[in-house]
Every structure is written in structure tokens, then in C-alpha cells.
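The structure appears right after this line, and notes come after that.
The values are calculated or read from the model by the stated rules, or taken from the named source; none is laboratory data. Remember, it's a predicted structure, so these values are computed and weren't measured experimentally. Neighbour counts run over all protein chains shown; Cβ positions are idealised from the backbone, glycine included.
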Amino acid sequence: MNSTPTDAAAPAYNRSRQAREAETLLDRIEDDFPDNPQAMRYFYDLFRNVYCHGEPVRHQGTLVGTTCIHAPEELIYAFGATPVRLCNGSYHYDQIGADFMPAKSCPLVKATLGSLHAKAAVPNTQSLELIVNPTTCDQKTKASAMMEAMGYKVHDLELPPAKESEEARLYWQRSVRSFALRLRELTGRKLTRNNLKAAMARTARAQAAFRTLHQLRKSAPALFLGKDAFLVTNAYFFDDIDRWTEAVEQLNAELRSRQTEGFQAAQKRAPRILFTGSPPIFPNLKLPLLIEEAGGVVVADETCSANRMLYDMTAVDEWLLNDMVDGLADRYLKPCTCPIFTRNDDRQRRLLQLAADFNVDGVVYQAFAGCQVYEMEYRSIADVLAAQGIPMLYVETDYSPDDMGQLSTRIEAFLESLKTRKRNKQ
Amino acid sequence: MSYFAGIDIGSTAIKAAVVDEDGKLVGTRIAPTGSSFHKNAMETFEALLAQHGIVREAVKFITATGYGRKLFKEADDSISEITANAIGACEAGRAFGGVRTIINIGGQDSKAIQIDANGNVSNFAMNDKCAAGTGRFLDVAARNLEIDLEQLGDYHFGGSGAPLTINSTCAVFAESEIIGLLAKGHGKEEIVAGIHYSIARRTVRLAKRVGIEDRVYFDGGPALNKGLVAALQDELGRELVIPEQPQTTTAYGAAVLARSQYLDE
């Protein structure tokens, strides 16, 4: 890592490039669609402030960066620190990060490294005192040393490659406990039952708000669009958790009144899409937006930037602190449907369940070029869905905008075929 | 008499088709897309009408398709070229006893489409975001070999030896490979056959992704190339059904759809 792209890492340049990317996307999200919920204003403004104007991320105490949903955020909150998720969706940082990774690697990992390398990156996290990097896929695992070489303190949170066995469970519980020790060292605080309980209550309230939002999307015709839902969950990456929860509760209230009024955010016959695979991360909401611009509506997702991140909750039913930490660790291992796990039948089951619960017409599977685990699970998911007669569109893409024309043709053709199927069924 | 039109604005050519009230094909017209495709599309459309003595007012509904579909505001509606291609091929394929698989090679992309028993699209695949194995690849090769695009078919059958292996399907890298083969003294015939087999193998891989069932309909400009057709049949191990005008199937499909859209309203 001797050569540093000094020009590309210049602060003003980064801000302007990143801001333009964010602004173009936000304009599309706001202006190209009528009937955006008023409560979305909070989120549109939040993204404009943070991504276009470089407003620093709000936080209390030590700021701990996370690179994956496997980092137990309740622990971080319990130590009086604030987690911020660093997974990045910017094409600009993807290009900067290309210097650190092999040519055919995941844009998400490249963009995250690129933003960490860049001076004055957006979102502006100011000073990160620690990055916790769960050892998930090979690319993220190898990123630890690179982040360290950039001058960050990195904690490898060791994750087992399987999740069903008792060995894996014990391994992971020990791993989470040693993360707690690292946080104690970092913050100089002690983990107490009360602190952890309060932290769990805080995330539980946020997750409850998310679950309500999630359930409201079962409504047919749809009450609001998936592009807004992804924006909401993406805000969770960096927003103050309590402010975020209030904003989501307001959105839920507005959607409930939309429900009573019989409001429709999409056409009655708009194909209902379940989104799965590599996560849409702001500003790379390319695929969900193309789906909705073409007249579809994303009603549910199975991705780690939304549903997988927020759906599963912890409950406090243990009396001893050690047991609580173990219980917390279980929640981060057992229900997770990430394709890094050797066996991942849970993902198939969850997709089928979501497809049934949300009255889904078709599935769109996004695989980032270079994200091998999602590319490898394509076949098994395709088979399971085909056996149930659920059509799926598999899209291999990355952060670059140059395949938009080709993608929109494929998406439109997919939606047209879903509409024909729907007509024939009736 | 009322008429219905389909306009397919592709990357290389603009294709227009008109059908009458009974859905019968009246005529088609092809023109290069050029740089001002909107003007060219209008001119092609108007020339087609003039050719058949149809007044503009008699055309009740226009459906646009192809890459330029969204920008052609004169159209009443637009449809993706995959759906339009399927409709056109199903209609045209009746004469051959029905089709279940479509292979389309266009100027900048190639597609494989699977059709169910009801004539609806059940699956499809498209090449990734480069011109490998598309019409553009043939263009580049013909230019390197200094022969006309139309002559490729004749050259294919002219060689005495086995077709050469062309490893690169990338239009840019194939250029240097072709130049290298010429420098080694290989005949143009063997190289042309090699190019056709290289495209055919790539296309068959794409088609296998959606599943291949008889009959297989092959359209798009390159379907006029007899050498490519032979190579594709060889690699597929099946006979291909090729329409009289393989370039206009998609425009025809859009016109057929325009008619049913108008009648539904």
C-alpha cells in the first residue's frame, strides 16, 4: 500500500463527488414519484444534510464503526458508546477502494475501504475510535488488515462459518464476550445488567417501529414504496437511534391513516416484488428504484440493509449478565440468513414465508459482481422458488451506473411477464 | 381502415412495422439509427406509411420498443423489447408450428427467451454489459478482415480446413487476435468460421440458462448470416426456425401489441 491516490483522496473532491451522487439520487426519489408520505421529509432532509452538506453524524460517547450486522450493537450502547455502520454504497468510493482489492471483488467492500481511506468522507463520522469487523466473507475478513494499515484500530469479531452446531454457538459466544472486554478497555466503563437491559430496550423500540412498518407493507394496494423503505432502514446506519425511532413511528402513523383512507401508492395491478441478495445501500438504490420507476412495487426484502438487520429482536429473560450476553450472541447468530454460512436453509424458508405473507408476484435477486456467496446461492434459491412457482429475476450488477439501460429493459420485461401471469390467473 | 404501428428503436437500426385491423402485417421498413434517432425514427415511420399509401390519421395506436422506446414521445405506449420480441416471434412462429425458445442477436446485445405453452414469456436471459458475441462483434471482425458484413456467410462455407478457434469474444480483444491470425497466414474463410463458432458457443450458453425447447426461433440482423446460422445449429444440435425478415420481428410484435392495446381500450 505504498501508493496512495492523493488526488482522489482530497477532501473537497470527495465531498463534491459524493454529494453529487447523493443529490442525483435524492432528486429522483423525491421528484419522480408523486404521493411521497409527508413523514419521509425527515429522512430526505437527513440524507441531504449528511450526504450533500457533510453534516457530522450525531453520537454520544465513543464512536464505534461496524462493518456488518453481526456486530451486536446493544453491547456498544451498553458501554455508553454509539455504533455507526460503515458499509458504503457510493460508486465514487468504490473506485477509490479499487486500489486495495483485486479487480473482481465486491463493490460494497471496496466502497467501504475507499471511504475509510478518503479524507473527509461522507457520512462524516469524525473520529472513529474502533472499527469492529466481523469475520464474515473472505473479502471483509481480509479488509481488517487494510483498515489497520490506514491507521484505524480494528477488532476482529470472529464469526464461525456455520451456525447450526453447538460448537459454532459456543465459539461465537466466546467471541462476543471478548468483544465486550475490548469495549470495556476502550471506554473504561463496566458492563452492567442495567446498562445492557437499557440498551436492549432502546434497540427493541427501534425494531418494534421497524416491524410495524414492515407489517404495513402487507397492505394491497401498497401504502408506500420500497425505495422509501430502503431509505428509512439505511438511515438506521448512522442516525441517532431515538430520533430515528420517533421518525419511523410518525411514518407508521401516517401510513395507518393512509390505510383507513384507502390510499394507494401504486397501481392496483402493480407487480409486488420481494427483493433479496446483496444489500441496497445509499446511494446505490439503483435496482429498487428501477423496479419502481417501471411500475413495480417492492413490498418486502430479505437483505442486510433492511429486514435482516432489524427484524429479529432480543428479549431480556435472563437474570444473570453472562447469560444475557450469551442470549444476545445467539440472536446475532441463529436467525441470520447471510449466505456466508455453510448451510443456509433458513434463507430459503424465510424467502418462501415472505413471498406468501406479502402476496408477492416475483422475486428480484441482486448479486454484486464479486460477491461470491450471493452468486453461489443463486442456483439453490432459484430452484426452491421455481418449485413453488414463484418467478425470479437474477441481476448481477455493481455500483457503476453504466448498466442502467440494460437493467431497465430486463426489469420491465420481468414486470411485463408478471403482469401477464397475473392476468391469466384471474 | 385502421392501422397499428410498432417502432423498434435499436442500437444499430430502426425498424417499423404496420398491421391492419385484422392484425395482418402490411409492411415493414428498416433504417440505420444514426445519431439523431428521433428524427430518423419519424422519417422511417412516415416513409413506411407513404410506401403503403396510409395516412397518419389512420394509424390509431403506436407502441415503441427497443433502447430508444422511452424517448419516442409520439408513441402511445412503450414495451420492453423482450416482450415485443416474444409476441412477434409467437405470431410469426405460427407458420412454423409454434415456437418455445427465441434467440435474438442484436446490434449490442443478445437474448434468449423462453415461451410457455400460452405464448407468454416465462424466462429470459441477456448478455452482460458488453458487446461480446453481438452484432457489433461481427461488424468489427468484418472490418478487420476487409470484407462486407453480407459476405461473412459466404466466407464461412468457403474454407477447406476446420474452423479456427477464436478465444476472445470481446470485440476489442478479438480485433488483435484476428490480426494475429491473419499475420500467421490463416485464410479469411477459416477465421470467419471461427468467429461464427465463437459467437454460437456463447449464445448457446446463454440459451441454456433459460432452457432450450423446440422450436427455436432465431432473429435479429445476424440471423441473415447463413454461416452464423449453420454454426449455431451445429452447437445447439437442433434446427433453427428463421423468419423471412429476422430484423423486424420485434417491431412486428410491438405492432401486434399496439392493435390489441387499442382494441382493449
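Taking the conditions exactly as written (modelled with pLDDT of 95 or more, farther than 24 Å from A:Tyr91 by Cβ and within 14 Å of chain B (Cβ to nearest Cβ)), does A:Ile340 satisfy them or not?
Considered against the rule, which asks whether it is modelled with pLDDT of 95 or more, farther than 24 Å from A:Tyr91 by Cβ and within 14 Å of chain B (Cβ to nearest Cβ), A:Ile340 comes out as no.
Which one of the conditions (1) among the hydrophobic types (A, V, I, L, M, F, W, C); (2) in contact (Cβ under 8 Å) with a residue 12 or more places away in the chain; (3) not in a helix (DSSP H, G or I) does A:Val109 fail to meet, given that it meets all the rest?
Among (1) among the hydrophobic types (A, V, I, L, M, F, W, C); (2) in contact (Cβ under 8 Å) with a residue 12 or more places away in the chain; (3) not in a helix (DSSP H, G or I), the lone unmet condition for A:Val109 is (3).
Out of everything in the stretch B:25-71 that is of a type in the set (Phe, Trp, Tyr) and under 20 Å from the mean Cα position of the chain (by Cα), what residue ends up being nearest to B:Ser260 (Cα to Cα)?
Going through the qualifying residues, I end up with B:Phe45.
Can you name every residue in the stretch B:1-42 that is under 19 Å from B:Cys90 (Cβ atoms), in contact with a strand residue (DSSP E or B) (Cβ under 9 Å, 6 or more places away or on another chain) and either surrounded by fewer than 17 Cβ atoms within 10 Å (Cβ to Cβ) or among the hydroxyl-bearing types (Ser, Thr, Tyr) (or both)?
B:Gly23, B:Thr28
Which ones in the stretch A:271-301 are in contact with a strand residue (DSSP E or B) (Cβ under 8 Å, 6 or more places away or on another chain) and either in a helix (DSSP H, G or I) or modelled with pLDDT under 95 (or both)?
Within the stretch A:271-301, A:Lys286, A:Leu287, A:Pro288, A:Ile291, A:Glu292 meet the criteria.
Sort through A:Gln353, A:Gln366 and tell me the only one that's away from chain B (no Cβ under 14 Å), in contact with a helix residue (DSSP H, G or I) (Cβ under 6 Å, 6 or more places away or on another chain) and either of a type outside the set (D, E, K, R) or not in a helix (DSSP H, G or I) (or both).
Answer to the check: A:Gln366.
Working only within the stretch B:171-190, note down all residues that are out of contact with any Lys or Arg (no Cβ under 8 Å at 6 or more places or on another chain) and buried (at least 16 other Cβ atoms within 10 Å of the Cβ).
Passing the criteria: B:Ala174, B:Glu175, B:Glu177, B:Ile178, B:Leu181, B:His186, B:Gly187, B:Lys188, B:Glu189, B:Glu190.
Out of (1) within 22 Å of B:Leu206 (Cβ to Cβ); (2) within 14 Å of chain A (Cβ to nearest Cβ), the odd one out for B:Thr101 is which?
Only one criterion is unmet by B:Thr101, namely (2).
For A:Leu333, work out the one condition from (1) more than 21 Å from A:Met309 (Cβ to Cβ); (2) in contact with a Leu (Cβ under 9 Å, 6 or more places away or on another chain) it doesn't fulfil.
(1)
I want to confirm something. Restricting to the stretch A:383-418 and keeping residues that are part of a helix (DSSP H, G or I) and surrounded by fewer than 17 Cβ atoms within 10 Å (Cβ to Cβ), which single residue is farthest from the other protein chains (Cβ to nearest Cβ)?
So the residue we want is A:Ala387.
Yes or no: B:Leu164 outside any strand (DSSP E or B) and either at pLDDT 90 or above or within 19 Å of the chain's Cα centre (by Cα) (or both)?
no
Here's the yes/no breakdown for (1) farther than 27 Å from A:Arg347 by Cα; (2) not small (Gly, Ala, Ser):
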{"position": "A:Phe210", "(1), (2)": "no, yes"}
{"position": "A:Gln250", "(1), (2)": "yes, yes"}
{"position": "A:Glu292", "(1), (2)": "no, yes"}
{"position": "A:Ala300", "(1), (2)": "no, no"}
{"position": "A:Glu318", "(1), (2)": "yes, yes"}
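Checking A:Thr136 against (1) within 24 Å of A:Tyr374 (Cβ to Cβ); (2) touching a Ser or Thr at 6+ places or on another chain (Cβ under 8 Å); (3) in a loop (DSSP other than H, G, I, E, B), which single condition isn't satisfied?
Checking A:Thr136 against (1) within 24 Å of A:Tyr374 (Cβ to Cβ); (2) touching a Ser or Thr at 6+ places or on another chain (Cβ under 8 Å); (3) in a loop (DSSP other than H, G, I, E, B), the one that fails is (2).
Given the conditions (1) buried (at least 22 other Cβ atoms within 10 Å of the Cβ); (2) aliphatic (A, V, I, L, M); (3) at pLDDT below 90, and given that B:Val256 satisfies all but one, which numbered condition is not satisfied?
(3) is the only condition that B:Val256 fails.
Can you find, within the stretch A:136-151, the residue that is farthest from A:Cys336 (Cα to Cα) among those that are surrounded by fewer than 18 Cβ atoms within 10 Å (Cβ to Cβ) and touching a strand residue (DSSP E or B) at 6+ places or on another chain (Cβ under 9 Å)?
Ranking the candidates gives A:Glu148 first.
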